[in-house]
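The values are calculated or read from the model by the stated rules, or taken from the named source; none is laboratory data. Nothing here was measured: the structure is a model prediction, and the numbers come from that model. Heads up, the Cβs are rebuilt from the backbone with ideal geometry, glycines too, and the neighbour counts pull from every protein chain shown. The accessibility values were calculated without ligands, DNA or RNA, using every heavy atom of the protein model including side chains. Shrake-Rupley method; radii C 1.70, N 1.55, O 1.52, S 1.80 Å.
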Amino acid sequence: MRAGKVTAALMLTLALAGCGQKIEGSAQPLGQGGGGETINTDFDKLLRECEVVAADKIGEIIGNAQQVNASFSGAVCMWDIEDAPGGTAMASLNWYEMGTLNNEKTTNDKLGYLSGDITVQGRRALQVRRPGDNDSCGVTAPAADVGVVGWWINYKPGSAHPDPCAGAQKLVELTLDLAR
């Protein structure tokens, strides 16, 4: 017999031996195996990251707004601000656990956005703007543990409002402070 056939026969024998194991007991539905485990099926902590900065604090940073309403929770958390300077505004938070600044920079470049390096709490971060848009700005920084966290502020186009980049940076700083 050739060496290849011997190796194949040995591998098949080992595989079949592993499949022939008998395990005592009977199958139980998940959570009822008697091991004392409890499973949270309420999903009540699923979108906890959307609460990392309180709505009143978001309103304060946007321009002392009082009417801040969560409008979407998911991979991106969003808030509509009804009484922002110059009218309505929107704030959004993204937190990508597997994200990197380099990936964010590459994506921004592909979208034609203008990205520049800034420093947030002593680390490299990105400030991002859409070309010709002075009413919105985003800031992305490395998260406290893994991934990246970013905030965008979008004011009503053409309205009088505070610097959206300064607000986005402040929201990132608060997020990083609270995430530690």
Practice task
Scan (1) hydrophobic (A, V, I, L, M, F, W, C); (2) assigned to a loop (DSSP other than H, G, I, E, B); (3) under 18 Å from Leu171 (Cβ atoms) for the single condition Val149 breaks and write down its number.
Solution key: (2)
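Residue by residue, here is whether (1) open to solvent by 70 Å² or more (accessible area, probe 1.4 Å); (2) within 12 Å of the chain's Cα centre (by Cα) holds:
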| residue | (1), (2) |
| --- | --- |
| Gly63 | no, no |
| Ala70 | yes, no |
| Pro85 | no, no |
| Gly99 | no, yes |
| Tyr113 | no, no |
Fill in the blank from the handout: How many residues of the stretch 48-70 are in contact with a helix residue (DSSP H, G or I) (Cβ under 7 Å, 6 or more places away or on another chain) and under 13 Å from Tyr155 (Cα atoms)? The answer is 3
Completion exercise
Selection from the stretch 142-160 of residues open to solvent by less than 50 Å² (accessible area, probe 1.4 Å) and touching a residue at least 40 places away in the same chain (Cβ under 8 Å) yields Pro142, Ala143, Gly147, Val148, Val149, Gly150, Trp151, Trp152, Ile153, Asn154, Tyr155, Ser159
Handout entry: Which numbered condition Asn108 fails, given (1) of a type in the set (S, T, N, Q); (2) within 15 Å of Trp152 (Cβ to Cβ); (3) in contact (Cβ under 8 Å) with a residue 40 or more places away in the chain
Key = (3)
Exercise for the section: Filter the stretch 122-141 down to residues that are closer than 16 Å to Glu173 by Cβ and open to solvent by 70 Å² or more (accessible area, probe 1.4 Å) and give me whichever is modelled with the lowest pLDDT. Expected result: Gly122
Practice task
Would you check if Leu174 is within 20 Å of Lys57 (Cα to Cα), touching a residue at least 40 places away in the same chain (Cβ under 8 Å), open to solvent by 10 Å² or more (accessible area, probe 1.4 Å) and outside any loop (DSSP other than H, G, I, E, B)?
Solution key: yes
